[in-house]
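The values are calculated or read from the model by the stated rules, or taken from the named source; none is laboratory data. Quick caveat, the model's predicted, so the values are computed rather than measured. For neighbour counting, all protein chains shown are included, and Cβ atoms are generated from backbone atoms with ideal geometry for every residue, glycine included. We work out accessible area using only protein heavy atoms, side chains counted, and drop any ligands, DNA or RNA first. Shrake-Rupley method; radii C 1.70, N 1.55, O 1.52, S 1.80 Å.
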Amino acid sequence: MLESYSRAWIEIDPDAIAHNLEETQKLIGSTKIMAIVKANAYGHGDITVAKACQAWGIDFFGVSSVDEALRLRQAGLQENILILGYTPEEHWHYLHEQNITQSLCSYAYACKLNDYAKAHDVIIHAHCKVDTGMNRTGILYQPQEKHFEDIVRAYQLDHVQVDGIFSHFPVSDDLGIDASTFTKQQIGLFNEVLDRLKDNGIDPGLTHLQNSYGILNYQDLGYDYCRPGLLPLGLTSDDQIPIATQPDFIPILSLYANVSVVKWIQPGMSVSYGRHFIAQKPTKVATMSIGYADGLPRLISNQGVEVLVHGKRCPLIGNICMDQCMIDVTQVDNVQEGDIVCLIGHQGKEQVTMDAITRSAHTINNELASTLGARVPRLKKR
């Protein structure tokens, strides 16, 4: 991939990460931050984000897979790394070779991991995942079924050293009565597990429960760590979702593309595949060098999404193509080949947000940011 501030590119402001971490820390008191940098730090660049977090003082990182953990190690990060997802047996050797902590997605998985570690005479570090309501991974501990004995047995394994315990919120982003009741029930269940472990003479180790919205809506719960993924990036899933706090986050990502062609079309002429835009009057059309292969969702075609050209708002028109898309620049003077179009970020006095694109695509910022194309270089903010 050629790294250039041209065609289509992302600019990352690593200095804003420190500000966002400070804002997060204000919400959680003495709880430490485990920075979640999975999925290439939600498309923002895992190494860039991790190193900025490291410089701020982050000492624990969360990833989804062993290859993501190895990327951090190869980049020189020696801090603690927790794999939140599943690691296949063929890759277990990396866990002890690279000092990577594995989450225990079930008791059966923990036993297999222990058998491997025993056969190779090594100790593998782990955090026990407790399923308090997500019903995805972890040892069940819910009102209908509590497998506390399996949690205890996981701590008693002789070649898997359980250094911590955690769970996960599915609806902490919802302040409605049903969702908040469910989340508070999860907190109660997690605390019950911690108390029962202590009553059995077992030190639970490091505790962590809150994801980004768990931090925004439930703040300081007194655990050792919290696990924000979006917050250090200056994002929430959607800025129209109500939250219980008012942090001052700065989005670290901006998205740009170049104008490649400018032309006038006349009434009755159409734009792009499907002919879903037909000019009703003389219209100046600019083609941008970015498309759905770069991560711009095709679903936002003809939805009124606006971008910035010379600091002025211009609507996308016609269907987004794989590598290109078109905008109406009739109201903007002197648009020409090579001009910079801002799709996410600031230009002049105007701002266009990721949230606007996300809502038009009927998804969340988590998905949009994570699917921004690998061929789009992530470059430092100029």
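Sort largest first and round to whole Å: the equivalent ellipsoid semi-axes of segment 311-350, each the square root of five times a Cα gyration tensor eigenvalue.
Gyration-tensor ellipsoid for segment 311-350: 18, 13, 11 Å.
Could you list the square roots of 5 times each eigenvalue of the Cα gyration tensor of segment 285-369, that is, the equivalent ellipsoid semi-axes, sorted largest first and rounded to whole Å?
Taking √(5λ) for each eigenvalue gives 20, 15, 11 Å, largest first.
Carbon and sulfur together cover what percent of the accessible area of the chain at a 1.4 Å probe radius?
Ligands and nucleic acids excluded, carbon and sulfur give 48 percent.
If you count the DSSP beta bridges with both ends in segment 1-148, what percent of them are antiparallel, to the nearest 5?
Rounded to the nearest five, the antiparallel share is 15 percent.
Using the Karplus curve 6.51 cos²θ - 1.76 cosθ + 1.60 with θ = phi - 60°, what ³J(HN,Hα) values do you get for each residue of segment 225-239, in whole Hz, with x for Gly and Pro?
9, 10, 10, x, x, 6, 4, x, 8, x, 10, 10, 5, 6, 6
Separation between the Asn200 and Gln219 pseudo-spin-labels, each 7 Å from Cα along Cα→Cβ, expressed in nm?
3.4
Where the centroid of each part is defined by its Cα atoms, how far is segment 42-93 from segment 287-364 in Å?
33
What relative contact order, as a whole-number percentage, does segment 269-382 give when Cα pairs under 8 Å and 6 or more residues apart are counted?
27
Helix-derived [θ] at 222 nm for the chain: sum -39500 (n - 2.57) over DSSP H runs of at least 4, divide by residue count, nearest 500?
Rounded to the nearest 500, the figure is -8500 deg cm²/dmol.
I'm checking a number: the convex hull volume of the Cα atoms of segment 225-291, normalised per residue, in Å³. What is it?
178
Assign unit charges at the C-beta atoms only (+1 for Lys and Arg, -1 for Asp and Glu), then state the dipole size of the chain relative to its Cα centre in Debye, rounded to the nearest 20.
Computed charge dipole of the chain: roughly 1220 debye.
Based on a Kirkwood Rh over C-alpha pairs, give the Stokes-Einstein translational diffusion coefficient of segment 1-137 at 10 °C and viscosity 1.306 mPa s in µm²/s.
Estimated diffusion coefficient is 96 µm²/s.
Over segment 96-181, what is the relative contact order in whole percent, taking alpha-carbon pairs under 8 Å and six or more residues apart?
31
Can you work out the Karplus-derived ³J(HN,Hα) for every residue in segment 369-381? Use 6.51 cos²θ - 1.76 cosθ + 1.60 with θ = phi - 60°, whole Hz, and x for glycine or proline.
These are the phi-based 3J(HN,Hα) values: 4, 5, 9, 4, x, 5, 6, 8, x, 9, 10, 6, 4 Hz.
Counting pairs of alpha carbon atoms under 8 Å apart in space and at least six apart in sequence, what relative contact order in percent does the chain give?
So the answer I get is 19 percent.
Using DSSP H assignments, which helices in the chain have an axial alpha-carbon span of 20 Å or above and a mean Kyte-Doolittle hydropathy of -1.0 or higher?
14-28, 177-199
Treat every Asp and Glu Cβ in segment 171-277 as -1 and every Lys and Arg Cβ as +1, leave all other atoms uncharged, and give the resulting dipole magnitude about the Cα centre to the nearest 20 debye.
Approximately 680 debye in magnitude.
Calculate, for segment 63-107, the solvent-accessible area per residue in square angstrom, rolling a 1.4 angstrom probe over the heavy atoms of the protein chains.
Per-residue value: 44 Å².
About the Cα centre, and with charges only on the beta carbon of Lys, Arg (+1) and Asp, Glu (-1), how big is the dipole of segment 253-321? Nearest 20 debye, please.
With only Lys, Arg, Asp and Glu charged at Cβ, the dipole is about 240 debye.
List the residues of segment 55-85 whose backbone N lies under 15 Å from a point placed 7 Å from the Cα of Ala18 along the Cα-to-Cβ direction.
Hits in segment 55-85 for Ala18 at 15 Å: 55-58.
Using every Cα-Cα pair within segment 171-235, state what percent have a distance larger than 19 Å.
Taking all Cα-Cα pairs of segment 171-235, the fraction more than 19 Å apart is 38 percent.
Given R₀ = 51 Å, FRET efficiency for Ala119-Asp248 by Cβ-Cβ distance, to 0.05?
Computed FRET efficiency for Ala119 and Asp248 comes out at 0.45.
Pulled fully out, how much extra length does the chain show between Asp239 and Leu299, if you take 0.36 nm times their separation in residues and subtract their Cα-Cα distance?
Working it through step by step, the gained length comes to 19.6 nm.
Just to verify a number: FRET efficiency for Glu79 and Leu2, C-beta to C-beta distance, R0 = 35 Å, to 0.05?
Efficiency computed from Cβ-Cβ geometry: 0.65.
Over the alpha-carbon set of segment 82-218, divide Rg by the Kirkwood Rh and report the Rg/Rh ratio to two decimals.
Using only Cα positions, Rg/Rh for segment 82-218 is 0.99.
Using the C-alpha atoms of segment 158-300, what convex hull volume per residue, in cubic angstrom, is computed?
That works out to 208 Å³ per residue.
Per residue and in Å³, how big is the convex hull formed by the alpha-carbon atoms of segment 240-382?
122
Which translational diffusion coefficient, to the nearest whole µm²/s, is obtained for segment 29-100 from the Stokes-Einstein equation, given a Kirkwood hydrodynamic radius over C-alpha pairs, 37 °C and 0.692 mPa s?
So the translational diffusion coefficient is about 268 µm²/s.
Would you work out which of Gln331, Gln25, Val66 lies farthest towards the positive end of the dipole of the chain, given +1 charges on the beta-carbon of Lys and Arg and -1 on that of Asp and Glu, about the Cα centre?
The listed residue farthest towards the positive side: Gln331.
Per the Cauchy relation, a quarter of the hull surface: what is the mean projected area of the convex hull of the alpha carbons in the chain, in nm²?
For the chain, the mean projected area of the Cα convex hull comes to 20.8 nm².
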